[in-house]
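Some notes on the structure that comes next.
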Amino acid sequence: HHRREITLKQYHHPYYNPNPLLDFYRTNFHERPSKKLVPSLPKKANGEKISDVMYILTSSHQDQDEIMAALRLSKSKNDEKYTFLRSLCVAIKYRRCGLASRLVQESLQNFDVHYCYCFASPDLAHFYQKLGFTLASSMQGEAQSKFIPRWMVNSYESMANRNRNRKELKLYIKQEPASHRGANILMARKISLRLSCFNT
């Protein structure tokens, strides 16, 4: 087991040239390498309020910063208590090391999240449930109407209709404890991880 120092960074407007974040997604995001699709990145923030952010884990390797994992958190335009988690991606060579879990946990604690929701394939059910997310379709009656507003159901159904040819995506939701909520201000922060896959 090797310990590697990793830096957690936050980008509010990640457009620069050349853009290593777009290259990272082109290489690692889509399951078919021939498809160079990349998810959309945050637009420039209006005013002081930061409502759309990329969180990135990087590691300095051979004098270069290497992106290991990334995700995007966006406040819902319908209700800012709800945060949409999307574009979660880990570099292919660093998968199954625990990076995705750590990135999600650290990001949610920094972003002042009340409720977090995401659309994910069924094979990620265990991953999200381990992080405290609940499969929306497993909620009953009052719990469902309390945590899952109509606009979210509409958004989910619209997305599901657009993705009929892919694996059926599921809606997951999580309530973040008040004690975990951050101030949404992050100076790059070092995280030291001991992970079995870091053998370089």
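Given (1) within 17 Å of Tyr172 (Cα to Cα); (2) in contact (Cβ under 8 Å) with a residue 40 or more places away in the chain, identify the lone condition not met by Arg96.
Condition not satisfied by Arg96: (1).
Taking the condition of being modelled with pLDDT under 80 and crowded, with 17+ Cβ neighbours inside 10 Å, how many residues in the range 175-185 meet it?
Keep residues of the range 175-185 that are modelled with pLDDT under 80, which gives 178-185.
Cutting the leftovers down to crowded, with 17+ Cβ neighbours inside 10 Å gives us 184.
The number of residues fulfilling the criteria is 1.
Only one of Tyr172, Tyr156 is modelled with pLDDT of 90 or more and open to solvent by less than 70 Å² (accessible area, probe 1.4 Å). Can you tell me which? Outline the logic, then answer.
Numbers: Tyr156 fails: modelled with pLDDT of 90 or more.
Of Tyr172, Tyr156, the one residue that is modelled with pLDDT of 90 or more and open to solvent by less than 70 Å² (accessible area, probe 1.4 Å) is Tyr172.
Quick one: which of Ser60, Ser34 is among the polar types (S, T, N, Q), assigned to a loop (DSSP other than H, G, I, E, B), farther than 20 Å from Ala120 by Cα and at pLDDT below 85? First the steps, then the outcome.
Values: Ser60 fails: assigned to a loop (DSSP other than H, G, I, E, B).
Of Ser60, Ser34, the one residue that is among the polar types (S, T, N, Q), assigned to a loop (DSSP other than H, G, I, E, B), farther than 20 Å from Ala120 by Cα and at pLDDT below 85 is Ser34.
Assess whether Ser51 counts as being open to solvent by 30 Å² or more (accessible area, probe 1.4 Å), at pLDDT below 90 and in contact with a Ser or Thr (Cβ under 8 Å, 6 or more places away or on another chain).
Values: open to solvent by 30 Å² or more (accessible area, probe 1.4 Å): yes; at pLDDT below 90: yes; in contact with a Ser or Thr (Cβ under 8 Å, 6 or more places away or on another chain): yes.
It is true that Ser51 is open to solvent by 30 Å² or more (accessible area, probe 1.4 Å), at pLDDT below 90 and in contact with a Ser or Thr (Cβ under 8 Å, 6 or more places away or on another chain).
The values are calculated or read from the model by the stated rules, or taken from the named source; none is laboratory data. Because the structure is predicted, anything quoted here is derived from the model rather than measured. Neighbour counts run over all protein chains shown; Cβ positions are idealised from the backbone, glycine included. Surface accessibility is based on the protein's heavy atoms, side chains included, excluding ligands, DNA and RNA. Shrake-Rupley method; radii C 1.70, N 1.55, O 1.52, S 1.80 Å.
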